[in-house]
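Read the structure below first, then the notes.
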Amino acid sequence: MTVTWEELGWERLAEGVGRVRLPVWDCTAGLVVGAGAALLVDPGASLAEGARLRAQARELAGGRVTLLALTHPHFDHVLGAAAFPDAEVFAAEGSSAVYDDDRERAELRADAVHHGLDERAADEAAAALVRPGHEVSDRLALTLEGGRDVLLVNVGPGHTAYDLAVVVPGDRPVVFCGDLVEESGEPQAGPDAVPSGWPAALDRLLELGGEDALYVPGHGAVVDAAFVRAQRDALAARFGVSR
């Protein structure tokens, strides 16, 4: 018997494409299903959360996650990555500066604990943190088994210096935005944000998806192009970026 997206608590966005809103931090994980294999967008905030996503993805895809896309190097979006040891890992160009640096890894761990992750879980995930094997400088087209196309695009800087979007073409494209777009609260600009580039990053998202796309934020409900434009304008005003 084939399990449905809804039975596992996921939201189906298109044929073979879905997302789940993870507990605690309302972080999005996305899944694009090929023929017996899949691409996962962001692996959760801990190894345990990553393992749960791995099991659910196997049920939904009928096979394992072979590709893993990291939208940006924040703890709630990357610390589950080591739960996918067989997956090829993709991230924006330059992000290995975070994953390879002991101080940066310690900051990821500290941020996770600060936001409520158990210290032991944070230690374990930070120690096992996966270095991306592929860095995307501009655009990278991938084809999953069965002919499913996916486009990875380096759209930053904005929320961080290393923002990667995942675009699934179709009659109604699906754009996984990472935390460049947030719906459940005001977009968070930490010390690693690049506010001057953020509105332009949202312009790039809109160019990729177009007017009819589904835009999947890093936190919150799926939104439309009008929401992304409004958030772009609000960020430009907030950060004093001229349009």
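The values are calculated or read from the model by the stated rules, or taken from the named source; none is laboratory data. Note that the coordinates shown come from a computational prediction; the quantities given were computed from them, not determined experimentally. Heads up, the Cβs are rebuilt from the backbone with ideal geometry, glycines too, and the neighbour counts pull from every protein chain shown. Remember, those area values only see protein heavy atoms, side chains included, never the ligands or the DNA or RNA. Shrake-Rupley method; radii C 1.70, N 1.55, O 1.52, S 1.80 Å.
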Item to complete: On the full set of protein chains, 1.4 Å probe, figure out the accessible area of Arg229 and give it in Å² to the nearest 10.
Response: 80 Å²
Practice prompt. Ratio to report: Rg/Rh of the stretch 117-210, with Cα atoms as the point set and Rh obtained by the Kirkwood method; give two decimals.
Written response: 1.03
Item to complete: Along Cα→Cβ, 7 Å out, is where each label goes; now give me the distance between the ones at Glu145 and Ala127 in nm to one decimal.
Response: 3.3 nm
Practice prompt. Would you kindly compute the Cα radius of gyration of the stretch 1-128 and its largest Cα-Cα separation (Dmax), both in Å?
Written response: 14.3, 47
Fill in: Long-range tail of P(r) for the stretch 170-243 (Cα pairs > 16 Å, %)
43 percent
Item to complete: Please provide three numbers in whole Å: the alpha-carbon extents of the stretch 115-169 along the principal axes, with the largest listed first.
Response: 41, 30, 20
Worksheet item: What does the convex hull of the alpha-carbon atoms of the chain project to on average, in nm²?
Response: 12.0 nm²
Response to the item:
Scoring the stretch 48-123 by relative contact order with C-alpha pairs under 8 Å, at least six apart, yields a percentage of 27 percent
Practice prompt. Please give the peptides 205-216, 157-168, 118-129 ranked by average Cβ packing (other Cβ atoms within 10 Å per residue), highest first, as a rough proxy for protection.
Written response: 157-168, 205-216, 118-129
Item to complete: Could you work out how far apart the two model spin labels at Ala51 and Ala106 are, taking each label as a point 7 Å from the Cα in the direction of the beta carbon, and quote it in nm?
Response: 2.8 nm
Worksheet item: By how many nm would the segment from Glu119 to Ala230 grow when fully extended, if each residue of separation counts as 0.36 nm and the alpha-carbon distance is taken off?
Response: 36.2 nm
Discussion item. With bins 10 Å wide starting at 0, give me the P(r) of the stretch 9-61 over every alpha carbon pair, in whole percents.
Written reply: 26, 61, 13, 0
Worksheet, complete the sentence: the chain: relative contact order from alpha carbon pairs under 8 Å, six or more residues apart, as a whole percent, is 15 percent
Worksheet entry | Theoretical gain in end-to-end length, His134 to Arg172 [0.36 nm per residue, Cα-Cα removed] | 10.9 nm
